[in-house]
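The structure appears right after this line, and notes come after that.
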Amino acid sequence: MKKRFGIDIDGTVTCPTSLIPFINKAFDMNLTYEEITQYDLTPFVNVPSDEFASWFSENEPMIYQGSPIASGAKKALDKWKRAHELFFISARGPHLLDVTKQWFIDHNLTFHHIELIGSHDKVETTKKHNIDIFFEDKHDNAVAIHEECRIPVILFNTPYNQDPIPNGVIRVHNWNEALNWVDNWLRQQENSYQTALS
């Protein structure tokens, strides 16, 4: 029973610590991953928000090229790539599509579709593509997708997404936990399907 997976990229497939070395180097800081307790980074840097936004926009391609893959992500995605469809849906701007595709190629990752929507609101894109399960690191995204699309959402645990979550948003600490949860879910879906047929 083929499922369509909706998968965020930054902080989910890429390591959530990816950005910190770039910030520390650019602004002569010593930020640690554990200190980043909210998704918006501007309170943690020592420059005005417009200056930080300008720096980030200018350096996005380099940052994305240099982002390491999250531990265990390739193993999980490789396991699912033949039986299911992997749709990567990211808030990155559409102008970064070539950089993004090249990163997937460089890391030997399969993708069936990549959509860079330039916004954190992924609900409409999730509905448009009939996504069956979503993978995310941003708390409010995870909750909105679950509540508005009525699908399970895997939330990768980070210091910046510690608010409470509803049933149906599943907090995992790594891709191995995600793999185990999803494989159990897939088995249950298959059993329900077979029962309905019989």
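Here Phe5 meets each of (1) part of a helix (DSSP H, G or I); (2) under 16 Å from the mean Cα position of the chain (by Cα); (3) not small (Gly, Ala, Ser) with one exception, condition (1). Against the criterion of being small (Gly, Ala, Ser) and either open to solvent by less than 30 Å² (accessible area, probe 1.4 Å) or part of a strand (DSSP E or B) (or both), Ala196 does not qualify.
A quick yes/no check of all residues on (1) out of contact with any strand residue (DSSP E or B) (no Cβ under 7 Å at 6 or more places or on another chain); (2) in contact (Cβ under 8 Å) with a residue 12 or more places away in the chain; (3) not aromatic (Phe, Trp, Tyr):
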position: Thr17; (1), (2), (3): yes, yes, yes
position: Pro21; (1), (2), (3): yes, no, yes
position: Ala26; (1), (2), (3): yes, yes, yes
position: Thr42; (1), (2), (3): yes, no, yes
position: Leu86; (1), (2), (3): no, yes, yes
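Summed over segment 13-66, residues that are on the phi > 0 side of the Ramachandran plot and under 19 Å from the mean Cα position of the chain (by Cα) total 0.
For segment 139-152, the criterion of being out of contact with any strand residue (DSSP E or B) (no Cβ under 9 Å at 6 or more places or on another chain), part of a loop (DSSP other than H, G, I, E, B), open to solvent by 80 Å² or more (accessible area, probe 1.4 Å) and more than 15 Å from Arg4 (Cα to Cα) is met by none of the residues. For the residues Phe104, Phe52, the requirement of being part of a helix (DSSP H, G or I), under 14 Å from Thr14 (Cα atoms) and open to solvent by less than 20 Å² (accessible area, probe 1.4 Å) singles out Phe104. Candidates in segment 10-40 are the residues that are out of contact with any helix residue (DSSP H, G or I) (no Cβ under 7 Å at 6 or more places or on another chain) and of a type in the set (A, V, I, L, M, F, W, C); of these, the one that is least open to solvent (accessible area, probe 1.4 Å) is Ile23.
State whether the residues of segment 89-98 include one that is part of a helix (DSSP H, G or I) and over 18 Å from Leu116 (Cβ atoms). Checked segment 89-98: no residue is part of a helix (DSSP H, G or I) and over 18 Å from Leu116 (Cβ atoms). Looking for something open to solvent by 50 Å² or more (accessible area, probe 1.4 Å) and in contact (Cβ under 8 Å) with a residue 60 or more places away in the chain - is there at least one such residue anywhere in segment 56-76? Looking for residues that are open to solvent by 50 Å² or more (accessible area, probe 1.4 Å) and in contact (Cβ under 8 Å) with a residue 60 or more places away in the chain, one finds at least one in segment 56-76, hence yes. Only one of the numbered conditions (1) open to solvent by 30 Å² or more (accessible area, probe 1.4 Å); (2) over 15 Å from Ser90 (Cα atoms) is violated by Ala178, and that is (1).
The values are calculated or read from the model by the stated rules, or taken from the named source; none is laboratory data. Computed from a predicted structure; not experimentally measured. Heads up, the Cβs are rebuilt from the backbone with ideal geometry, glycines too, and the neighbour counts pull from every protein chain shown. Note: areas computed on protein heavy atoms with side chains; ligands, DNA, RNA excluded. Shrake-Rupley method; radii C 1.70, N 1.55, O 1.52, S 1.80 Å.
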